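Report on the following structure.
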Amino acid sequence: MRNKATSFDIAYHAGVSQSTVSRALSGSPLVSEATRQRIQAIAKELNYKVDKNASNLRTQSSHTIALLLFEDAAIDESNINPFYLSMLGSITKACANAGYDLLVSFQEMKGDWHAEYEDCHKADGLILLGYGDYLAYKKKLNQLIEQETHFVLWGADDKELSATSVRCDNQQGGFEITQHLIERGRKKIGFIGEATEATPELLARYNGYCKALKAGNLASDKSMHIDAKINEISGYEATKTLLENHKDIDGIVAACDLMAIGAMRAITDLGYTVGEEIAVVGYDDISVAQFTNPPLSTVRQDTTLAGQLMVKNLIERIQGKPTSGSIIEPQLVIRESCG
């Protein structure tokens, strides 16, 4: 049986030193493009594969990215928001295209996740999805910054962390979906979902809702805002409370699709018709939104682009390049739930 080809074999065939082969295959700018292409062609002909373990030992790099998904007890028994799961495919593909392995880990916010990965050389950088209470989360983000850990995160519009974040323009999305209801003739529009500094993405959507009411010359009544957690049951209970207090409600903006699905069930159970009598809209465009009855109007956050941007921005940070945050524009997805 023939032995596997080595970098010395490639060097012999290419007429260069073994160190030149290593530089060429690692993308070093010290090697000319013509030499790099010749070495890559020989490597392919010899079916040569880079020994990643040996390379990593030399460079002190794991060539691995860690994706940390944080549990949120407010969701359901899985504790994982399905919106974040929708990003997994694009993150995985983007890592593979860049030559990085991906380590996926589910974390509890109370754990010491902020100290376990890059410092122990498990990963060169972190992608963070989800957070529960942002105020508690930010304390650990500040620790990551102090440790000079390479990381990017999805979500919050935080000026102190703008260079590390990829996010949707949540306020604009909340404004546009509420404006759509107003344009369809809805006059009494409620909002369900938390809107505090602990939930900055939902707060931005609520601010967009209030901005749209003001632009439409509609009254903004705080009693038409009912807090709700990010799950269907909480959306259901919040909607029942809203309709008990305001029987003339003709539209509901839910801070996320899970709440909106619960709201639709509550409206039906109380004898109203979703869409015709009470319009319902959500946010996220999770996969089940198109299969509800009626299909749910919502705001889409481009999870494919989000995953690509997070991987790209993180690798640039790992490589020491200057980076900035990225903002993704929201996209309205209009279906039958708003009439």
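Under 7 Å between Cβ atoms, at least 6 apart or on separate chains: pull out the pairs that start in region 72-95 with a residue that is acidic (Asp, Glu) and at pLDDT below 85 and end on any residue that is crowded, with 17+ Cβ neighbours inside 10 Å and part of a loop (DSSP other than H, G, I, E, B).
Filtered contacts from region 72-95: 72/81; 72/130; 72/132; 72/230; 76/231.
Among the listed residues 155, 174, which satisfies the condition of being over 17 Å from residue 313 (Cα atoms) and among the small types (Gly, Ala, Ser)?
Step by step, each of 155, 174 is checked, and only 174 is over 17 Å from residue 313 (Cα atoms) and among the small types (Gly, Ala, Ser).
Could you look through region 320-339, keep only residues that are among the hydroxyl-bearing types (Ser, Thr, Tyr) and at pLDDT 90 or above, and pick out the one that is least open to solvent (accessible area, probe 1.4 Å)?
The selected residue is 337.
So how many residues does region 122-146 have that are assigned to a loop (DSSP other than H, G, I, E, B) and either modelled with pLDDT under 80 or crowded, with 18+ Cβ neighbours inside 10 Å (or both)?
Residues in region 122-146 being assigned to a loop (DSSP other than H, G, I, E, B) and either modelled with pLDDT under 80 or crowded, with 18+ Cβ neighbours inside 10 Å (or both): 6 in total.
Mind checking which residues of region 272-303 are assigned to a loop (DSSP other than H, G, I, E, B) and open to solvent by less than 10 Å² (accessible area, probe 1.4 Å)?
The answer is 275, 282, 283, 296, 301.
Quick one: which of 101, 119 is open to solvent by 40 Å² or more (accessible area, probe 1.4 Å), acidic (Asp, Glu) and modelled with pLDDT of 90 or more?
101
Any residue at all in region 264-271 that's within 20 Å of the chain's Cα centre (by Cα), assigned to a loop (DSSP other than H, G, I, E, B) and surrounded by fewer than 15 Cβ atoms within 10 Å (Cβ to Cβ)?
no
Is there a residue in region 205-225 that is in contact (Cβ under 8 Å) with a residue 60 or more places away in the chain and part of a strand (DSSP E or B)?
So far as region 205-225 goes, no, none of its residues is in contact (Cβ under 8 Å) with a residue 60 or more places away in the chain and part of a strand (DSSP E or B).
Under the condition of being open to solvent by less than 60 Å² (accessible area, probe 1.4 Å) and outside any loop (DSSP other than H, G, I, E, B), which residue from region 226-239 is farthest from residue 286 (Cα to Cα)?
That would be 226.
Identify the single condition in (1) open to solvent by 70 Å² or more (accessible area, probe 1.4 Å); (2) assigned to a helix (DSSP H, G or I) that residue 247 does not satisfy, given that it satisfies every other one.
(2)
Across region 173-194, what is the number of residues that are part of a helix (DSSP H, G or I) and out of contact with any Gly (no Cβ under 9 Å at 6 or more places or on another chain)?
Going through region 173-194 one residue at a time, the tally reaches 1.
The values are calculated or read from the model by the stated rules, or taken from the named source; none is laboratory data. Just so it is clear, the structure is predicted and the values come from calculations on it, not from any experiment. As a convention, Cβ positions derive from the backbone with ideal geometry for all residues, glycine included, and neighbour counts pool all protein chains shown. Side chains included, ligands, DNA and RNA excluded: accessible areas come from the protein's heavy atoms. Shrake-Rupley method; radii C 1.70, N 1.55, O 1.52, S 1.80 Å.
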